[in-house]
Each structure stands twice: as C-alpha cells, then as structure tokens.
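See structure below.
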Amino acid sequence: MKQTRYISRKLRFIALLWLMFPVSYALYAFFAFSLSGSGIAKLVLSPGFWFISIIAILSARGLLKLHWYGWYSYLFSNFLMVYQTAVALVYYSDQEFRLPVFLATGAGQLFFIYIVGREIRVPYFFPRIRWWESDPRYKLSVQTRLNREEKKDELEGEIMDLSVGGCFIKTHGFFMLDEPITLHFTLFEKNIECRGRVVWRTESMVTHPKGIGVKFDTLSKENVFCLKQATKKMKELAKAYSQMTRERNWQEYLQREQRYQGRRAPIISIESAKNNKEKNK
C-alpha cells in the first residue's frame, strides 16, 4: 500500500497495527485475556470480529494515505473494539482479573487515540476551523503572499491555522499536491518567510473553507522562535476575542430583551386601563 511520506513513524506504526488487526488483536487477546485454543477459535470465527477487522483495515488505509475518512473510521473501530473486548473477556476468557484487563485495554486505546489525534489534527492536515470561524468577524487570520516556484507567480491568501510545523491557508488558487511554495507574511511586526510544500487541499465545505495545507521545510532558528512566540500570542488573543464576542452577544441579547419588554409595557397598560374602565361602568 502506497504511503504518504509526510506521516510520522508513530502514526505509521499504529496504522500498520490496525492494518494487521485480525492478527495483532488475536495475539493481544491470546496473551492479555488468557484465551485458550477454543477461545481463540470462537473469537476468530465470530462475525463481529471480522466486521471490526474490515473497519480497522479501512481506517488503517485512510491513516496511511491521510484520507479524510481515516480519523473518523479509526474512532469508530476503537468504539467497536471496546465491545469486542468486553465480549471476549466475558465469554471466551479464563482471565481472573477481567475488569482490570478491560480497563487497561481501554486506557491503551485512549492513549493511541490521543497520539493519532495529535498527528492528524495539525494545521496542515484537518485544521481546527469551523465554518463560523472562517468569518473574519470571529477568526483572527493572517494575510500572506504565496510564491509558486514552478509557475513563478504570486497569489494572496489567509493563514487560518498556524504552528511551527505548518499552516492552513484559505485561498481560491489551485495547487498541486507536493508543490513547493514560499510564504511571506507578517506576525506582530515580524516579517517571516517560510518555504514549504502543499500536502493537503480541500474544496469549500462546512468544516473547512477552500484552501491548502502547507508543511514547512526546515526553518531557521529565528523563524522557529518567531512562530512559537506568535502562535502563543495568537492563541491568547483568540481566547480573549472569543470572550469579548460572547460578552457582546450577551449584551445584545439583553438589549433586545429590554426593547421587547419596553414595547410590551404600553400594551399591558392599555389593556389594564380598558379593564378598569369596564369595571367602573
């Protein structure tokens, strides 16, 4: 299976474990669950085991090639694995300490999910940008110039998510995967120039705007220091701006409610006046 060269060794190792799920899980169950020969046979011959294996193999393929479904199918396979572990311990296992083994297996799954999540959810692969954050009123963005080395032209874009390793850029230009580009942008009065390659691209959708993921090449120490300081400040500003937005929305709600109550007050007084008039008659 062809693998992308941008994934780390840790992600590749976990994906290969899931690719060999029928063998790797059966070996783990044999030693950790104290399964006998008949227990292994029952586990391997159960339809649920092969259903989970198919999902796990599909998720491994998605992780190795960094397809959009890799992360979600990986989570689904882990959810199914929890059920399969419980069934194996209850019906097929001779293990005396079943609950501690079940909890330890679940903890290991959570650890793997944490590692895969950190490897996958980086700015240049699946950035954390929701549709409302692409609105400039709610998202702090950085304008950047993109120089294409092969076509020797320049485009404009917005950096929506940034780290030392790479960034996601909102742009309407079309880029080829693995295309080398150079970014020029300014962060807190610091001019930064970063060379990188396009490793991911997306069309406009609900979760992400149209743009590209760029993985930086080796950066200078000065640029690394600037990016670390800048990303830290941007996170602090984004948090403060989000708090200000929530407070402003709450104030606007209170003002609308006061205006609404103010419009209702005369109506109530007129109706009460009519009732008093009828009573007086």
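Read-outs throughout are calculated quantities, based only on the coordinates presented, and are distinct from any laboratory measurement. Just so we're clear, the structure is a prediction, and the values are computed from it rather than from any experiment. Virtual Cβ from ideal backbone geometry, glycine too; neighbours counted across all protein chains shown.
Points worth noting:
- Sequence-separation-based contact order of the range 20-157, relative, with Cα cut under 8 Å and 6+ spacing, percent: 19 percent
- At full extension, Lys10 and Arg118 could sit 37.8 nm farther apart than now, given 0.36 nm per residue minus the alpha carbon distance.
- Within the shell defined by Cβ-Cβ distances under 12 Å, the residues around Ile115 carry a net charge of +4, with Lys and Arg each +1 and Asp and Glu each -1.
- Local charge for Lys10 was computed over the other residues whose Cβ lies under 10 Å away, with Lys and Arg +1 and Asp and Glu -1, and equals +2.
- Paramagnetic label reach from Thr182 (point 7 Å along Cα→Cβ; backbone nitrogen cut-off under 18 Å): within the range 216-236, residues 216-224.
- Amide H contacts for Arg201 (H built 1.01 Å from N in the peptide plane; partners 5 or more residues away or on another chain; cut-off under 5 Å): Gly213.
- Estimated inter-spin distance, Gln109 and Gln258, nm [label 7 Å along Cα→Cβ]: 5.2 nm
- Violating pairs (Cα-Cα greater than 31 angstrom) within the set Lys151/Lys239; Lys65/Lys152; Lys152/Lys232; Lys152/Lys239; Lys42/Lys65: Lys151/Lys239; Lys152/Lys232; Lys152/Lys239; Lys42/Lys65
- Calculated diffusion of the range 45-123, Stokes-Einstein form, Kirkwood radius summed over Cα pairs, 20 °C and 1.002 mPa s, µm²/s: 158 µm²/s
- Contact order, relative form, for the range 1-99: 35 percent (alpha carbon pairs under 8 Å, 6 or more residues apart, mean separation divided by residue count).
- Cβ-based net charge around Met176, under 11 Å, with every Lys or Arg adding one and every Asp or Glu removing one: +1
- Across the range 169-183, rounded Karplus estimates of 3J(HN,Hα) from the backbone phi angles (6.51 cos²θ - 1.76 cosθ + 1.60, θ = phi - 60°) give 10, 7, 8, 9, x, 9, 10, 8, 5, 6, 6, x, 9, 10, 9 Hz, Gly and Pro being marked x.
- With θ taken as phi - 60° and the Karplus curve 6.51 cos²θ - 1.76 cosθ + 1.60 applied, the whole-hertz 3J(HN,Hα) list for the range 148-154 is 8, 5, 6, 8, 6, 10, 10 Hz, x standing for glycine and proline.
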